Each structure stands twice: as structure tokens, then as C-alpha cells.
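*Asks:* First, the structure itself, so that you have it in front of you.
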Amino acid sequence: MEETQICEKCKHWMETGGTDDGLVGECHRNAPHPETIDTASTANIRYAVWPVTSDRNWCGKFEERPMAAQEVLARVAVIQKMEADRKAKAK
């Protein structure tokens with residue numbers, strides 16, 4: 001496992017909060033799985049949940065999250081500025 005192939009950087013992971021140990025989120029790679037809440041009454045409550053993981057967890061099904069448009073534009077602006085600075089120094 002490469003250090004970059006962690007839940008936080010996977011396209012299937014969605015941050016839901018944080019703890020003192022880091023971020024937590026839901027893995028949306030597969031369908032939610034069923035859970036049951038035992039209640040004091042005779043009826044149990046059934047619902048489905050996404051697996052909850054830490055931002056630093058990993059699995060064998062990592063898929064890189066595409067960059068957001070703002071991040072791409074910010075990187076392009078930095079590269080353009082660096083190129084303009086390089087050309088100005090070359091003169």
C-alpha cells in the first residue's frame with residue numbers, strides 16, 4: 001500500500017466529522033450494509049449504514065479522487081506565475 005492510497009484521497013470516501021485522532025468518514029465504494037438497533041420494546045429498528053473509516057485507513061479498492069476545478073485552476077495559476085517569473089529573470 002502506498003502512503004497516498006488512503007481513504008482521505010479516495011473518490012469513494014466522504015468526510016463526516018473528526019476526532020482527536022483525525023478525520024472520519026463513510027466509504028461509498030459498496031452499498032450500505034444492514035444494521036439493527038436493539039430497543040427496549042419488542043420491535044427492533046433496522047437501517048442501512050455506509051462503513052465508517054478513518055482518513056488514514058486503506059483497502060485494496062482505492063481509486064484516486066479527481067481534483068476539484070478550483071484546485072486545478074489554483075495549480076495552473078501557480079505554474080503560470082512561476083513561468084512568468086522565470087522569463088522575467090531570463091531577460
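*Asks:* Can you give me the number of residues within region 23-35 that are free of Cβ contacts under 8 Å to residues at least 24 places away in the same chain, open to solvent by less than 80 Å² (accessible area, probe 1.4 Å) and assigned to a strand (DSSP E or B)?
*Replies:* 2
*Asks:* Could you list all residues from region 59-72 that are surrounded by 11 or more Cβ atoms within 10 Å (Cβ to Cβ) and at pLDDT below 85?
*Replies:* Listed by number, the residues that qualify are Met67, Val72.
*Asks:* Please go through region 47-91 and give me each residue that is closer than 23 Å to Ile6 by Cβ and of a type in the set (Ser, Thr, Tyr), ordered by number.
*Replies:* Scanning region 47-91 gives Thr53, Ser54.
*Asks:* Do you know which residues across region 1-20 are free of Cβ contacts under 8 Å to residues at least 40 places away in the same chain, not in a loop (DSSP other than H, G, I, E, B) and not hydrophobic (A, V, I, L, M, F, W, C)?
*Replies:* Once the filter is applied, which keeps residues that are free of Cβ contacts under 8 Å to residues at least 40 places away in the same chain, not in a loop (DSSP other than H, G, I, E, B) and not hydrophobic (A, V, I, L, M, F, W, C), region 1-20 yields Thr16, Gly17, Gly18, Thr19.
*Asks:* Is there a residue in region 3-22 that is open to solvent by less than 60 Å² (accessible area, probe 1.4 Å) and in contact with a helix residue (DSSP H, G or I) (Cβ under 8 Å, 6 or more places away or on another chain)?
*Replies:* Checked region 3-22: at least one residue is open to solvent by less than 60 Å² (accessible area, probe 1.4 Å) and in contact with a helix residue (DSSP H, G or I) (Cβ under 8 Å, 6 or more places away or on another chain).
The values are calculated or read from the model by the stated rules, or taken from the named source; none is laboratory data. Since this is a predicted model, take the numbers as computed values, not measurements. Virtual Cβ from ideal backbone geometry, glycine too; neighbours counted across all protein chains shown. All accessible areas refer to the heavy atoms of the entire protein, side chains included, with ligands and DNA or RNA removed. Shrake-Rupley method; radii C 1.70, N 1.55, O 1.52, S 1.80 Å.
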